Amino acid sequence: MKKSLLFLASALAVVVLTACGSASENISASDTKSGIFLIVSDRDGDSEIFVMNADGSKDQQLTDNDVLDFDPAWSPTGKEIVFSSDRDGDSEIFVMNADGSKKQQLTDNDVRDFDPAWSPDGKQILFVQGNETSFRIHLMEADGSRENLISAEDSQTYSDDGPAWSPDGEEIAFFSDRDGDPEIFVMNVDGSGVRQLTDNDVADLYPAWSPDGEEIAFFSDRDGDSEIFVVNVDGSGVRQLTDNDVADLYPTWSPDGEEIAFFGKFEEDLRMHRIDRNGSGLVMLEYFDLWFDWKNDPAIAN
Ligand SMILES: [Ca+2]
Ligand SMILES: [Ca+2]
Ligand SMILES: [Ca+2]
Ligand SMILES: [Ca+2]
């Protein structure tokens with residue numbers, strides 16, 4: 001769960017209301033090159049899930065209630081969305097159709113469940129579960145059955161968080177503060193073979209696997225204000241993509257792997273940005289909301 005963004009969302013709500021009046025328009029399928037974002041916005045007073053064209057135009061609201069709905073992620077077919085919702089007070093994992101219909105609850109417990117990620121083969125869902133002091137990564141079938149812990153089981157209060165599938169579905173990238181500050185790790189889907197990709201004394205957070213499987217994007221506070229980085233899956237070849245004095249957060253790859261979208265600060269607001277994989281071609285989108293997943297499937301856009 002992009003926990004801090006829920007609080008940022010509140011601060012941005014007034015700006016969003018003045019900047020975007022298109023919530024009821026339908027998504028256009030014309031921009032297939034750029035694709036479609038899943039985003040979260042609290043423009044109606046609490047957090048809701050929307051789909052939006054990746055060029056920042058036109059959006060469509062998928063949830064409408066008075067609790068927090070967050071962390072949306074596409075199924076591999078683009079026909080369904082997995083997300084978190086706090087309607088019972090401790091957040092659970094839900095799925096719905098891409099048009100917002102047929103919402104179905106998958107978890108039901110008294111601890112927090114968030115940050116779901118659908119497996120590339122569509123059969124399983126990764127998510128994070130825990131209390132305020134310690135999170136672990138869990139895996140379940142896409143119908144909510146056979147839930148099991150895949151993080152190492154121990155009583156320490158560190159957290160494993162931000163799970164991201166490799167495109168071949170065989171490995172999971174995540175971040176963990178098990179060494180005292182957050183680092184990027186990779187493990188096999190059964191929790192074995194944990195290897196550490198970053199090692200420093202600042203926060204390295206929210207890995208995102210490139211569609212070709214070769215690199216992992218993340219954001220890091222190593223220069224004091226957070227930048228977007230990319231690293232090879234073996235931990236070599238760290239590349240810094242942004243370099244400025246504001247926060248750059250939460251990278252997500254374009255479906256074709258040529259671009260990375262992220263949150264960057266502009267003046268006093270966070271805005272969505274896109275940058276080429278090589279670090280050139282930075283574009284700031286005329287949009288203020290919080291995005292979480294990017295898919296290039298026009299089939300969902302109706
Ligand atoms: Ca809501
Ligand atoms: Ca729960
Ligand atoms: Ca670190
Ligand atoms: Ca920065």
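We did not get these values from a lab; they are worked out from the coordinates using the rules stated. Remember, predicted model here, so these are calculated numbers, not experimental data. Note that we place each Cβ from the backbone using ideal geometry, even for glycine, and neighbour counts take in every protein chain shown.
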Legend entry - Inter-probe distance in nm under a simple model that places probes 7 Å from Cα toward Cβ, at residue 79 and residue 64: 2.5 nm
Inset, instruction - Please find the FRET efficiency linking residue 244 to residue 181, where r is the Cβ-Cβ separation and R0 is fixed at 25 Å, and quote it to the nearest 0.05. - result: 0.65
Inset, instruction - List the aspartates and glutamates whose Cα lies under 17 Å from the Cα of residue 58, skipping any in the same chain that are fewer than 8 positions away. - result: 25, 31, 42, 44, 48, 99, 286, 289, 293, 297
Legend entry - Taking segment 42-146 and dividing mean pair separation by its residue count, relative contact order in percent (alpha carbons under 8 Å, at least six apart): 17 percent
Inset, instruction - Indicate the gyration tensor shape class of segment 154-258 (rounded, prolate or oblate), computed on the Cα atoms with a ≥ b ≥ c the square roots of the eigenvalues: a/c under 1.5 is rounded; otherwise a/b larger than b/c is prolate and the rest oblate. - result: oblate
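What ranking, highest mean first, results for peptides 155-167, 71-83 when packing means the other Cβ atoms within 10 Å averaged over each residue?
Ranked by mean Cβ neighbours within 10 Å, highest first: 71-83, 155-167.
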Legend entry - FRET efficiency estimate (nearest 0.05) - Cβ-Cβ, residue 200 to residue 133, R0 25 angstrom: 0.60
Legend entry - At R0 = 25 Å, FRET efficiency that the Cβ-Cβ distance of residue 223 and residue 266 yields, to 0.05: 0.85
Inset, instruction - Please turn the phi angles of segment 81-89 into ³J(HN,Hα) values with the Karplus equation 6.51 cos²θ - 1.76 cosθ + 1.60 (θ = phi - 60°), one per residue in order, whole Hz, x for glycine and proline. - result: 9, 9, 7, 10, 9, 9, 5, 10, x
